[in-house]
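> Right, I'll just put the structure down here and ask away after.
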Amino acid sequence: MPPGGETVVGKHFRFVSHLLALLSFIATPLAADEFRSPSLTALRVDWRAALDQLRTEINSRPRIAGDFIFVPRRSVSRYDPRAMPALVQLNAVSSQFFSGIARSPVPVLLPFDAAAYLEAQRNGAPAPPALSRYQADFNPVDMFDAGPAGYSATFSLEPGAGDGMPSRVFTRPVEVQITGSALVYDIADPLGGKGEPVKPLATTYPDLRKFIREGYVRYAFTRFGVVYVVSVQCLDSVAKPRRLACKEAYPVVERFLKALRVAGGQRMRPLMDIASNVIDRPTARSPDFSYRPSGDIIPNTGYRKQGGHPDAMAYAQIRFPLEKAPAFVRSQSYGKRDKSDGPTSYPWRDNFCESRSFEVWQCAGGYGHQGEDIRAAACPPPGEGREPCDPKQRGVVAVRDAIVIRATKDQAATLQVNSRTEHIRFRYMHMNPHAMNADGLVNGRLVTEGEKIGVVSNYLDRPAGTSLHLHFDVQVFTRDGWIWVNPYVTLVSSYERLIRARGREVGPEIAVTAQPVAHALPDDVIKPDLREGSSGEDN
C-alpha cells in the first residue's frame, strides 16, 4: 500500500465518485434563494501502518521497548481500545501533556518523543522534566484539541532556540500549528492540491508539498490515510523585526516535521461521507428581513474594483452570533458608499470580498475581507415599558458547542467544532482582549451554543480602534489545511432560525464565475502585523 494508505484503484474510484457528484450538482442548479450544506469526504485510517511506525519508534529505545504490547487482543472488538494495547499505553503517557489525546480517531503526530521521555524516566531523570528536551526544543503545547474528526495543536519555538537553527531577525516565538483530520471539506478550490516538493524530507514524507496560502506557509502530507497540515502564519516578504518572513519559517516547520512521532490516538468506527443537500428553512415569511444575494458587494469595493464571489453554501447550521435581533450584515469600511439604506437597516449586504490585504481564495484577485461585518441595531429612544439599552453591552454568543482557540494576547477568539460530521472554525474579532481574558475566553475553554461570550465592541489594536461591530468568519478543513470560506449565507440561514422566519432576497442575480487566486501579498498591501486576531487595518 502506498504511503498515503490508499490504493491507486481506490483513489481513482474516489475521484470518479466526486466528479459525478460535482457534475450532478452543476446539472441541477439551485433556485435563486435555496441554500446548500457542504459535502465532506471521510478518510479511512490505516491503523496497522500507524502501529508499525510506533513499533519502530519504541524499538529505538531498547530499555523501554519491552514495556509495550503490540500483540492484538483477539477476544475483543477491533474498535475496543484493548485491541491495540500499545496505543492504550502510549495514550496513558501522552495524556499527561496532551489532555484527551485518546479521543482522536486518527494517529496523533506531534513533536513529542515518548520513547525518549520514558527512557529518561527509567534512567532517573528529575520530575517534572523540561518537556522541550523531548519536543525538539519546542515549548509545551499552547493548545491541543482532539475529537471525533481529528486533532489540532499549536506549539511555539523561542527565538534562538534549537541546535543548528539559522539566526532569525524575528523577535517573537514562532507559532506552529498542526491539524490531522479524517474529515475534509469538498470545495471547488482551483488552487487546492498545489505546491512544491520538499526534497530534504522526501524520504520521510513522499507526498509532502509546501505552499503559501492565505497568509500561511503550509506543509501538507498524507500518512496512514489521514490528511495532515503543518502551518505558520507569515508574510511572503523580506525579514523584519516585527514580521516573520515565510523564508524564516521554513526551517522552523521542517524542524517540526522531522520531530513528528506517533503520540497517541485510538481506533474508532470509521466516519461516513457527508452529502451536500438543500437545507430546510422557515416556511413563514418575515415582513421586514431582506438581504441582497451572496457576492453582491458594494460596487467598486473589491480588490482593484472587482466584484464579489457568490456562494450559496451554508457551511454549518449555527446559532446567530449576536444575542438578539435585529442585527445587520453591512459594510464597516464602505458603508457610506451603499446608498440603499443605513448601516443598521435591511437589506443585508455581503462584504466578504471587500478590498483588504488578506488573501482569500474565493475573491477576485485573491484578496478580500475574510469574513462579514455585523452590527447590532441602534438602541431605540427611551420609552415607557422599554428595557434599558446600552449600545456597548450588546451580547455576542457562541454559535455552537465548541472549544476556544485563543492566546491571551490575541485580538480574536476562534471556536472550533470537532465532531463526526464537521471540522470547522468560527472566528470573532473586535471584542476587547482584556475583557476576554477576564472572562476566561482562552485556549481550551469549552463553550455551549448560545452562551454569552462577550459584547459587540470596537477593539482594533487599541480600544476605540474601529466602530462598534463584530467581524465574523468561517474556516473549514481541506487538504490544504484551514481555508476561509464566505459565511454570508451561513449567517442568513442562522438569522432566519433566530427570527423564525424566512427572509426575502432582493437585488440583481450574480453570475457565477471562476475566481483567480494570488499566492502572496504584494508589497503595496503588506501591513505591520497580520497575526490571527491582530491586523494593521480594520477587519
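Every number in this text was worked out from the coordinates using simple rules, so none of it is lab data. Please read all numbers here as calculations on a predicted model, not as lab measurements. FYI the Cβ positions are ideal-geometry reconstructions off the backbone, even for glycines, and counts take in every protein chain you see.
> Tally Lys/Arg at +1 and Asp/Glu at -1 over every other residue whose Cβ is under 11 Å from the Cβ of Leu51; what's the total? Intermediate results must be reported in sequence, preceding the final value.
Numbers: positive: Arg48, Arg55, Arg267; negative: Asp46, Asp52, Glu57.
Around Leu51, the charge tally is 0.
> A further question follows. Which translational diffusion coefficient, to the nearest whole µm²/s, is obtained for region 144-209 from the Stokes-Einstein equation, given a Kirkwood hydrodynamic radius over C-alpha pairs, 20 °C and 1.002 mPa s? The partial results should precede the final answer.
Working: Rh = 15.3 Å.
Taking Rh from Cα pairs, D becomes 140 µm²/s.
> Now for a separate question. Compute the acute angle (0 to 90°) between the alpha-carbon long axis of helix 8-27 and the principal axis of greatest extent of the alpha-carbon atoms of the chain; round to the nearest 10°.
Around 10 degrees separate the two axes.
> Let me ask something else about it. Using only the alpha-carbon atoms of region 88-231 as identical scatterers, what base-10 log of I(q)/I(0) does the Debye formula give at q = 0.12, 0.17, 0.21 Å⁻¹?
Rounded to two decimals, the profile gives -0.59, -1.15, -1.51.
> Count the net charge of all other residues whose Cβ sits under 12 Å from the Cβ of Asn139, scoring Lys and Arg as +1 and Asp and Glu as -1. Can you show the working numbers first?
On the way: positive: Arg133; negative: Asp137, Asp142, Glu158, Glu175.
Once positives and negatives cancel, what remains is -3.
> Roughly how many nanometres apart are two label points built 7 Å out from the Cα toward the Cβ at Ser419 and Glu451?
1.6
> Express in nm, to one decimal, how much length is gained between Arg285 and Ala464 on full extension, taking 0.36 nm for each residue of separation and deducting their alpha carbon distance. The partial results should precede the final answer.
Values: separation 179, 0.36 × 179 = 64.44 nm, distance 3.78 nm.
Difference between extended and current length: 60.7 nm.
> Rounded to the nearest 20 debye, what is the charge dipole size of the chain about its Cα centre when +1 sits on each Lys and Arg Cβ and -1 on each Asp and Glu Cβ? Walk me through the intermediate numbers first.
Numbers: 66 positive and 58 negative charges, 205 e Å.
That gives a dipole near 980 debye.
> What do you get for the angle between helix 246-259 and the principal long axis of the chain? Use alpha-carbon atoms, 0 to 90 degrees, nearest ten.
Once rounded, one gets 40 degrees.
> Could you give the length gained on full extension between Asn139 and Asn123, defined as 0.36 nm per residue of separation minus the Cα-Cα distance, in nm? Let's see the in-between values first.
Values: separation 16, 0.36 × 16 = 5.76 nm, distance 2.29 nm.
Contour length minus Cα-Cα distance gives 3.5 nm.
> Let's test this: bin the Cα-Cα distances of region 251-301 at 10 Å from zero up to the farthest pair and state each bin's percent.
13, 17, 18, 18, 24, 10
> Can you tell me the equivalent ellipsoid semi-axes for region 304-431? Use √(5λ) from the Cα gyration tensor, largest first, whole Å. The partial results should precede the final answer.
Details: eigenvalues 136, 103, 39 Å².
Whole-Å semi-axes of the equivalent ellipsoid: 26, 23, 14.
> On to the next question. What Kirkwood hydrodynamic radius do you get for the chain when you take the inverse of the mean 1/r over all pairs of distinct Cα atoms, in Å?
Values: mean 1/r = 0.0407 Å⁻¹.
Kirkwood hydrodynamic radius for the chain: 24.6 Å.
> Per q in 0.13 1/Å, what log10 I(q)/I(0) does a Debye calculation on the alpha-carbon atoms of region 398-514 return?
-0.61
> Net charge near Asn277, counting Lys/Arg +1 and Asp/Glu -1 over other residues with Cβ under 15 Å of its Cβ?
Here the charged neighbours net out to -3.
> Can you find, among Pro62, Cys353, Ile212, the residue farthest towards the positive end of the dipole of the chain? Put +1 on the C-beta of Lys and Arg, -1 on that of Asp and Glu.
Of the candidates, Pro62 comes out farthest on the positive side.
> May I pose another question? Any idea what angle helix 488-499 forms with the longest principal axis of the chain, computed on alpha-carbon atoms, 0 to 90 degrees, nearest 10?
Relative to the chain, helix 488-499 is tipped by roughly 70 degrees.
> Restrict the search to region 63-120; then list the chymotrypsin sites (Phe, Trp or Tyr not before Pro) that DSSP places in a loop and that have at most 13 other Cβ atoms within 10 Å of their Cβ. All intermediate terms of the calculation are to be shown ahead of the outcome.
Details: sites: Phe68, Phe70, Tyr79, Phe97, Phe98, Phe112, Tyr117; in loops: Phe68, Phe70, Tyr79, Phe97, Phe98, Phe112.
Passing both the DSSP loop test and the Cβ count: Tyr79.
> Hey, any idea what the orientation-averaged projected area of the convex hull of region 212-349's Cα atoms comes to, in nm²? Don't skip to the answer; put the middle values down first.
Values: hull surface 58.5 nm².
Across all orientations, region 212-349 yields a mean hull projection of 14.6 nm².
> Which entries in Lys199/Lys409; Lys409/Lys452; Lys247/Lys409; Lys336/Lys392 show an alpha-carbon gap greater than 29 Å?
Lys199/Lys409
> Along the positive direction of the dipole of the chain (beta-carbon charges: Lys, Arg +1; Asp, Glu -1; about the Cα centre), which of Gly308, Gly371, Phe256 reaches farthest?
Phe256
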